[in-house]
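K.L.:
Sharing a structure with you now.
The values are calculated or read from the model by the stated rules, or taken from the named source; none is laboratory data. What you are looking at is a predicted structure, and each value in this text was computed from that prediction instead of being measured. Glycine also receives a Cβ, built like all others from the backbone with ideal geometry; neighbour counts cover every protein chain displayed.
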Amino acid sequence: MDLLNTLVDKGLRRELPTREEALAVLATSDDDLLDVVAAAGKVRRHWFGRRVKLNYLVNLKSGLCPEDCSYCSQRLGSTTGILKYTWLKPDQASQAAAAGLAGGAKRVCLVASGRGPTDRDVDRVSETIRTIKDQNEGVEVCACLGLLSDGQAERLRDAGADAYNHNLNTSEGTYGDITTTHTYADRVDTVQKAHGAGLSACSGLIAGMGESDEDLVDVVYSLRELDPDSVPVNFLIPVEGTPLAKEWNLTPQRCLRILAMVRFVCPDVEVRIAGGREVHLRTMQPLALNLANSIFLGDYLTTEGQAGKADLEMIADAGFVVEGTDQVTLPEHRTETAGGGCGSHEAAGCGSHDSAGCGSHEGGGVCGTPAAAAAPAGEPRTDLVAVRRRGAGTDLAPNA
């Protein structure tokens, strides 16, 4: 297929595809899907080999959020029955992080619900970052605290944070339909603040909220322009008790096409399969590793994910290897230029569905619930969604 040959050539040169080419990827048929995966897989392997980076979420503060993001189980007025608790102490957060690191994660994402941190909150998280770094050699720490005020990104960097996550989530044109308590421009500003402070910027999207193909391409092109080092791709879990509870719009094939499009537009960036992979990709998850070079291990912020052991077995069985702490994730040309990105700068050659983000989805998959008969093709898999009742904020062991 001429389209795929063109996209591979552009991906190997870090050249931006045209919008028409990106839209064409999303419009490919199921008959052509394996060809699309194989083509995008060539780009993924060129820049990242067979390595898979593991990331682990620690929800520092759950629920109690004043924002009205329609996709989020921690939103204002949510009736989802999630865990609700205030800030974990530094030692508690470090203990939670250690579980993920023991499972092979090299980055810990510290997330807190809310519009954005106060200066006291930044002090609190800074202490947590220092504690985790003191107790775990070589760990990367990404903070995800919502909208940042001037100077806060610098303080997090000085405390030892390596990255900051804040997702754009959807296109600028449709953002107001999803959230009204802050704007798309607010989110862009926070990503730019993190970038400007020397933190590795992590910003991604949520697919499956009823958006069009044009909206998906818009947000991915906006991300490329923002130039983050990591792009988490979330797949909406329509959690009961949220306004988007009936939006079951994704199939495994659709998810693979979205991931392929992101890889072609951002060829040399860390593309992370974030929340919702277990629910929407299901048995096609190993195939998605040919497109993305990063996943979250274990549970998400407020919902259960696939068992950590199953994640590790999936990676090995698919012929990939877990990236070690002694390995650099990004290609050399990106690490040499401060504030890397999606390769959009010639010189250059990371949540959740709350306002904090961190590239995870508020509705992750679930591996620990009783087995259920497979739903008919196209039917919502509500049986794969379960509220997290273990790990951070509980007395039970985490799923790592």
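K.L.:
Which of the helices (runs of 4 or more DSSP H) found entirely inside the range 146-232 contain at least 1 residues meeting this: modelled with pLDDT under 95, of a type outside the set (K, R) and under 22 Å from P66 (Cβ atoms)?
P.N.:
175-178
K.L.:
Taking the condition under 14 Å from the mean Cα position of the chain (by Cα) and at pLDDT below 95, does D326 pass?
P.N.:
Considered against the rule, which asks whether it is under 14 Å from the mean Cα position of the chain (by Cα) and at pLDDT below 95, D326 comes out as no.
Table: residues versus (1) modelled with pLDDT under 95; (2) more than 12 Å from N290 (Cβ to Cβ); (3) under 24 Å from the mean Cα position of the chain (by Cα).
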{"site": "T6", "(1), (2), (3)": "no, yes, no"}
{"site": "K10", "(1), (2), (3)": "no, yes, no"}
{"site": "L16", "(1), (2), (3)": "no, yes, yes"}
{"site": "L26", "(1), (2), (3)": "no, yes, yes"}
{"site": "D31", "(1), (2), (3)": "no, yes, no"}
{"site": "V37", "(1), (2), (3)": "no, no, yes"}
{"site": "A40", "(1), (2), (3)": "no, no, yes"}
{"site": "R45", "(1), (2), (3)": "no, no, yes"}
{"site": "V52", "(1), (2), (3)": "no, no, yes"}
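K.L.:
Right, another one. Go through D213, D227 for me and flag whichever is under 17 Å from N165 (Cβ atoms) and touching a helix residue (DSSP H, G or I) at 6+ places or on another chain (Cβ under 9 Å).
P.N.:
D227
K.L.:
Moving on to the next point. Examine the range 50-68 for a residue that is part of a helix (DSSP H, G or I) and either more than 30 Å from T86 (Cβ to Cβ) or not basic (K, R) (or both), and state whether such a residue exists.
P.N.:
So far as the range 50-68 goes, no, none of its residues is part of a helix (DSSP H, G or I) and either more than 30 Å from T86 (Cβ to Cβ) or not basic (K, R) (or both).
K.L.:
Does A102 count as at pLDDT 95 or above, more than 30 Å from T180 (Cα to Cα), aliphatic (A, V, I, L, M) and surrounded by fewer than 21 Cβ atoms within 10 Å (Cβ to Cβ)?
P.N.:
Criteria not met by A102.
K.L.:
For T179, work out the one condition from (1) within 23 Å of T302 (Cβ to Cβ); (2) within 18 Å of the chain's Cα centre (by Cα) it doesn't fulfil.
P.N.:
Of (1) within 23 Å of T302 (Cβ to Cβ); (2) within 18 Å of the chain's Cα centre (by Cα), only one is false for T179: (2).
K.L.:
Determine which member of the set A260, A245 is of a type in the set (G, A, S), buried (at least 24 other Cβ atoms within 10 Å of the Cβ) and not in a strand (DSSP E or B).
P.N.:
So the residue among A260, A245 that is of a type in the set (G, A, S), buried (at least 24 other Cβ atoms within 10 Å of the Cβ) and not in a strand (DSSP E or B) is A260.
K.L.:
Within the range 82-99, how many residues turn out to be at pLDDT 90 or above and either surrounded by 18 or more Cβ atoms within 10 Å (Cβ to Cβ) or of a type in the set (F, W, Y) (or both)?
P.N.:
9
K.L.:
Quick one: how many residues across the range 291-328 are out of contact with any Pro (no Cβ under 8 Å at 6 or more places or on another chain), among the charged types (D, E, K, R) and surrounded by fewer than 16 Cβ atoms within 10 Å (Cβ to Cβ)?
P.N.:
Of the residues in that region, 3 qualify.
K.L.:
For T79, are the conditions met, namely being in a loop (DSSP other than H, G, I, E, B), more than 20 Å from the chain's Cα centre (by Cα), surrounded by fewer than 20 Cβ atoms within 10 Å (Cβ to Cβ) and of a type in the set (S, T, Y)?
P.N.:
yes
K.L.:
How many residues are surrounded by fewer than 15 Cβ atoms within 10 Å (Cβ to Cβ) and not β-branched (V, I, T) when one looks only at the range 390-400?
P.N.:
3
K.L.:
Next question. Do you know which residues across the range 1-49 are out of contact with any Asp or Glu (no Cβ under 9 Å at 6 or more places or on another chain), crowded, with 18+ Cβ neighbours inside 10 Å and part of a loop (DSSP other than H, G, I, E, B)?
P.N.:
L16, P17
K.L.:
Further question on the same structure: Can you find, within the range 104-145, the residue that is farthest from I315 (Cα to Cα) among those that are assigned to a helix (DSSP H, G or I), in contact with a Gly (Cβ under 8 Å, 6 or more places away or on another chain) and basic (K, R)?
P.N.:
Step by step, filter the range 104-145, then rank; the result is R130.
K.L.:
Could we say that L287 is modelled with pLDDT of 95 or more, surrounded by fewer than 24 Cβ atoms within 10 Å (Cβ to Cβ) and in contact with a Phe, Trp or Tyr (Cβ under 8 Å, 6 or more places away or on another chain) here?
P.N.:
It is false that L287 is modelled with pLDDT of 95 or more, surrounded by fewer than 24 Cβ atoms within 10 Å (Cβ to Cβ) and in contact with a Phe, Trp or Tyr (Cβ under 8 Å, 6 or more places away or on another chain).
K.L.:
Further, regarding this structure: Please go through the range 34-62 and give me each residue that is under 30 Å from I129 (Cβ atoms) and not aromatic (F, W, Y), ordered by number.
P.N.:
Hits for the range 34-62 are G49, R51, V52, K53, L54, N55, L57, V58, N59, L60, K61, S62.
K.L.:
Next question. From the list S113, S126, which one is polar (S, T, N, Q), in contact with a Leu (Cβ under 7 Å, 6 or more places away or on another chain) and at pLDDT below 95?
P.N.:
Step by step, each of S113, S126 is checked, and only S113 is polar (S, T, N, Q), in contact with a Leu (Cβ under 7 Å, 6 or more places away or on another chain) and at pLDDT below 95.
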